[in-house]
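Inspection log for the structure reproduced underneath, given as structure tokens.
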Amino acid sequence: MSIRRGGFSIDPQFRVGLDGTPWSLLFRGRYRLVDRERLDVSVGAQPVRAFRTATVSVNGVAKDVVVAQRFAAGELSPSYALTTNVSVAAHYLYSRGLDADVTRHTHFVAARAGIANLRLPARYVARLDPQVYYLRLDDRAGMYLNSRVTLAKRDLPVAISGIVNRPIRTTIPRGRAFLWNVGLNYAPRVPR
């Protein structure tokens, strides 16, 4: 979801598992510093709540509970349109952990491309968004390759997307797995 007025937008994100367990909650505020025909530059800031399951002892009985972790983050995102359907972008995000038992300093640096309106039969279109990124979590780091593919039918507000993420080299213990996901996107056309 995105709420936009002029160069300012608020983009809240709520992520939950299929079993209803919360993963994260953030309210990203963004401002477009540069908004030209081919060049966009935006800055953003967000408070973040990430959730994890922890086992605690309550009256001598072990119980699993959901624990909220607090972060504050800021970002810078320049992008440049090479053509109407092809763009390149960079993204930098810094996050500071606000609780004692979380990652204190996170750095995320990405180089991205976007290829839109790949024509398919029967009024279908696809979009490809590959990226290579560097992730540093305190003293652990990794390089990754990631791509999103979106398939949509023209004039239909629903699309299917898939994301794959492959580590290139990493010292992040949980970052060594090949990951994928499939999603259903809804983007209604809002009359002006």
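Could you identify the single residue in S24, S87 that is assigned to a strand (DSSP E or B), modelled with pLDDT of 95 or more and not aliphatic (A, V, I, L, M)?
Working: S24 fails: modelled with pLDDT of 95 or more.
Answer to the selection: S87.
So, in the range 161-181, exactly how many residues are in contact (Cβ under 8 Å) with a residue 24 or more places away in the chain and among the aliphatic types (A, V, I, L, M)?
The total comes to 2.
If I ask for residues that are assigned to a strand (DSSP E or B) and either at pLDDT below 95 or farther than 29 Å from R38 by Cα (or both), which ones from the range 90-124 would you list?
R96, G97, H105, T106, A116, N117, L118, R119, Y124
Criterion first (surrounded by fewer than 12 Cβ atoms within 10 Å (Cβ to Cβ), over 26 Å from Y92 (Cα atoms) and among the hydroxyl-bearing types (S, T, Y)) does Y186 satisfy it?
Numbers: surrounded by fewer than 12 Cβ atoms within 10 Å (Cβ to Cβ): yes; over 26 Å from Y92 (Cα atoms): yes; among the hydroxyl-bearing types (S, T, Y): yes.
Taking the combined requirement at face value, the residue satisfies it.
Please go through the range 161-175 and pick out each residue that is surrounded by 11 or more Cβ atoms within 10 Å (Cβ to Cβ) and basic (K, R). Talk me through it step by step, then tell me what you get.
Narrowing the range 161-175 to residues surrounded by 11 or more Cβ atoms within 10 Å (Cβ to Cβ): 161-168, 170-172, 175.
Hit for the range 161-175 is R166, nothing else.
A152 is checked against (1) modelled with pLDDT under 95; (2) outside the structural domain of F178 (by TED's automatic domain parsing); (3) surrounded by 17 or more Cβ atoms within 10 Å (Cβ to Cβ) and fails just one. What number does that condition carry?
Condition not satisfied by A152: (2).
Applying the selection to the range 163-178, what residues are more than 19 Å from A111 (Cα to Cα) and either at pLDDT 90 or above or under 15 Å from the mean Cα position of the chain (by Cα) (or both)?
Pass one, the range 163-178, residues more than 19 Å from A111 (Cα to Cα): 171-174, 176-178.
Selection gives T171, I172.
Within the range 42-79, count every residue that is buried (at least 16 other Cβ atoms within 10 Å of the Cβ) and among the aliphatic types (A, V, I, L, M).
3
Looking at this structure, is T55 more than 27 Å from G142 (Cα to Cα), part of a strand (DSSP E or B) and of a type in the set (S, T, Y)?
Working: more than 27 Å from G142 (Cα to Cα): yes; part of a strand (DSSP E or B): yes; of a type in the set (S, T, Y): yes.
Yes.
Scan the range 97-146 residue by residue and report those that are surrounded by 13 or more Cβ atoms within 10 Å (Cβ to Cβ), small (G, A, S) and out of contact with any Gly (no Cβ under 6 Å at 6 or more places or on another chain).
The answer is G97, A110, A111, A113, G114, A116, A126, A141.
Are any residues in the range 128-186 outside any strand (DSSP E or B) and under 23 Å from N117 (Cβ atoms), and if so, which ones?
Step one: filter the range 128-186 for residues outside any strand (DSSP E or B), giving 138-139, 154-157, 171-178.
Once the filter is applied, which keeps residues that are outside any strand (DSSP E or B) and under 23 Å from N117 (Cβ atoms), the range 128-186 yields R154, D155, L156, P157.
Output yes when any residue across the range 164-180 is among the polar types (S, T, N, Q), assigned by TED's automatic domain parsing to the domain that holds Y134 and over 30 Å from T103 (Cα atoms), and no when none is.
Within the range 164-180, the first condition is being among the polar types (S, T, N, Q), and the residues that meet it are 165, 170-171.
The next check asks that each one be assigned by TED's automatic domain parsing to the domain that holds Y134; those that pass are 165, 170-171.
This time we only want the ones that are over 30 Å from T103 (Cα atoms), so: none.
There is no residue in the range 164-180 that is among the polar types (S, T, N, Q), assigned by TED's automatic domain parsing to the domain that holds Y134 and over 30 Å from T103 (Cα atoms).
List the pairs whose first member sits in the range 145-160 and is without any contact (Cβ under 8 Å) to a residue 60 or more places away in the chain, whose second member is surrounded by 11 or more Cβ atoms within 10 Å (Cβ to Cβ) and acidic (D, E), and whose Cβ atoms are under 7 Å apart, counting only residues at least 6 apart or on separate chains?
What qualifies is S147/D129; R148/D129.
Of all residues in the range 28-44, which are in a loop (DSSP other than H, G, I, E, B) and within 18 Å of R112 (Cα to Cα)? Give the derivation first.
Initial filter on the range 28-44 (in a loop (DSSP other than H, G, I, E, B)): 36-38.
Across the range 28-44, the qualifying residue is only R38.
The values are calculated or read from the model by the stated rules, or taken from the named source; none is laboratory data. All values reported here derive from a predicted model rather than from experimental measurement. Cβ coordinates were reconstructed from backbone atoms using ideal geometry, including for glycine residues, and neighbour counts include every protein chain displayed.
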